[in-house]
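The values are calculated or read from the model by the stated rules, or taken from the named source; none is laboratory data. Model, not experiment: these values are computed from the prediction. Using ideal geometry, Cβ is built from the backbone for each residue, glycine included, and neighbour counts are taken over all protein chains shown. Heads up: the accessible areas ignore ligands, DNA and RNA and are worked out on the full protein's heavy atoms, side chains in. Shrake-Rupley method; radii C 1.70, N 1.55, O 1.52, S 1.80 Å.
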Amino acid sequence: MFKVAIVGKPNVGKSTLFNRIILKKKSIVTDMPGVTRDRIYAEATWVNKKFTVIDTGGLTNENMAFQQNIEKQVLLAIEEANTIIFLVSEKDGINKDDYYVAKLLKKYRAKNVILAVNKSENKQGEYERMYYSLGFGKPNYISAEHSIGVGDLLDLAIKNINNSLIKKEDEKTKFCVIGRPNVGKSTLVNSILNEERVIVSNIAGTTRDSIDCNFKYNNKQYTIIDTAGIRKKSRITDQVEKFALSRTADAISRSNLILLVLDGSEDFNEQDEVIGGLAFDANIPTIIVVNKWDKIDNKKTNTMNEMTKLIRSKFHYLTWAPIVFISAANKQRIQKIFETMNKINEQLHKSVSTSILNDVLSKAEILNPSPKFKGNRFNMSYATQVQSQIPTFVIFGNDPKYVHFSYARYLENQIRNSFGFTDIPITIYFKDKNSRIRGIKKDR
């Protein structure tokens, strides 16, 4: 996977930037220098491109505790990274430690080294000449703490990701089956494979590992992953179940699509909704599979419609996910799952013309202008679709912070309804059309 290493002297904000990029507080952040000693890895996503970020310890030429070990770890991170963010601090200025880091990095000229100036939210580049003297060109001003300029920095950091090198596994669709215990996941897997591939039992929690099975359906290649039933955390009683839970999370991360299985013969509960949240967080296509439909007595003409309404209210965050009603035990309506997959696949590969996209969004803005938010109004300049795993659109305007979430949802619905993205997640990014930090001159 493409890797980005953050390198610099102690206390310039490397861990703060690391946490900002991965959107989690994984690295310890403190004013005390030298807290980070080892390399810390985490996966991140920017404009739907996945990459690994590496946080490193602070480099200095002083004889400090663990300094040799820290430098060894940093050099290993530099060696394996595709891009290196050389972080300095506007607040503290440049000193001999920054020049020491620069000297080390000059040995790696073949790599993409980006100079980033952190803590610059209240400064105007008073050390600019010194930044240039480090030998890595024009500095990029950011504030990791306040998320200023981080997006533009990431654009530069991952510009060399080559999507064509991503392994497609012979265009094989890989999907996982998730749900709480005893909803019929393993029965569904066996029905799809038409063999007793996994153990089926009325005892909840029989499946503990994630099981990959390759098969062909209508001349198309698939991999189905059966997973352990996900219990409430309070009911996970042993280490085996904890391991099974982590393997389920891994199965989701390896999948192109999720089958969220519900038991249609029982009332849905809070745990179903929690598991639905895992599908939402994965941000990949999801089919809601209502199993055991044969066990519902006295079905009427509108029973399926009533159940659909109930599911939409319970799983309101998955409004785009199609719903399929089946009986895995009786192998009823299994083909509907694959028909829905084909429909999803068509939408995933749909490309929207930039001119038509802008025409649709311009009309939407005229009909319903952006409301005032945070003291101003967002005005669109143009929009474009970018390459990614799911349909992704970037909308440029005067300032993304003026976009209220309800207006973002309005624009998303306009795109969905106009271009037929009805059964899949889509992603919309809002970007400043100037692509620079406000308050800092572009050219000097």
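Scanning the range 333-368 for residues that are touching a Ser or Thr at 6+ places or on another chain (Cβ under 9 Å), open to solvent by 60 Å² or more (accessible area, probe 1.4 Å) and not in a helix (DSSP H, G or I) returns a single hit, 333. Filtering the range 21-47 to residues that are at pLDDT below 85, more than 15 Å from residue 144 (Cα to Cα) and either open to solvent by less than 80 Å² (accessible area, probe 1.4 Å) or of a type outside the set (Lys, Arg) (or both) leaves 32, 33, 34, 35, 36, 38, 39, 40, 41, 42, 43.
Table: residues versus (1) among the charged types (D, E, K, R); (2) at pLDDT below 90; (3) assigned to a loop (DSSP other than H, G, I, E, B).
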| residue | (1), (2), (3) |
| --- | --- |
| 237 | no, yes, yes |
| 241 | yes, yes, no |
| 248 | no, yes, no |
| 262 | no, no, no |
| 273 | yes, no, no |
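Residues in the range 404-444 that are assigned to a loop (DSSP other than H, G, I, E, B) and at pLDDT 90 or above: 8 in all.
Looking at the range 373-387, is at least one residue surrounded by fewer than 13 Cβ atoms within 10 Å (Cβ to Cβ) and in a helix (DSSP H, G or I)?
no
Within the range 284-306, the residues that satisfy the criterion of being under 33 Å from the mean Cα position of the chain (by Cα) and open to solvent by less than 60 Å² (accessible area, probe 1.4 Å) are 284, 285, 286, 287, 288, 289, 290, 291, 292. Within the range 171-190, residues that are within 16 Å of residue 330 (Cβ to Cβ) and polar (S, T, N, Q) sit with their Cβ atoms under 7 Å from residues that are in a loop (DSSP other than H, G, I, E, B) and modelled with pLDDT of 90 or more, at 6+ positions apart or across chains, in these pairs: 187/328; 187/329. Against the condition touching a strand residue (DSSP E or B) at 6+ places or on another chain (Cβ under 7 Å), within 27 Å of residue 253 (Cα to Cα) and open to solvent by less than 30 Å² (accessible area, probe 1.4 Å), how does residue 390 come out, does it pass? When the stated conditions are applied, residue 390 passes them. Restricting the range 292-306 to residues that are among the charged types (D, E, K, R) and part of a loop (DSSP other than H, G, I, E, B), the residue that is modelled with the lowest pLDDT is 299. For residues in the range 80-98 being over 33 Å from the mean Cα position of the chain (by Cα) and either in a loop (DSSP other than H, G, I, E, B) or of a type in the set (S, T, N, Q) (or both), which is surrounded by the most Cβ atoms within 10 Å (Cβ to Cβ)? Looking at residues that are over 33 Å from the mean Cα position of the chain (by Cα) and either in a loop (DSSP other than H, G, I, E, B) or of a type in the set (S, T, N, Q) (or both), I get 94.
Scanning the range 312-332 for residues that are open to solvent by 80 Å² or more (accessible area, probe 1.4 Å) and closer than 23 Å to residue 420 by Cα returns 316, 319.
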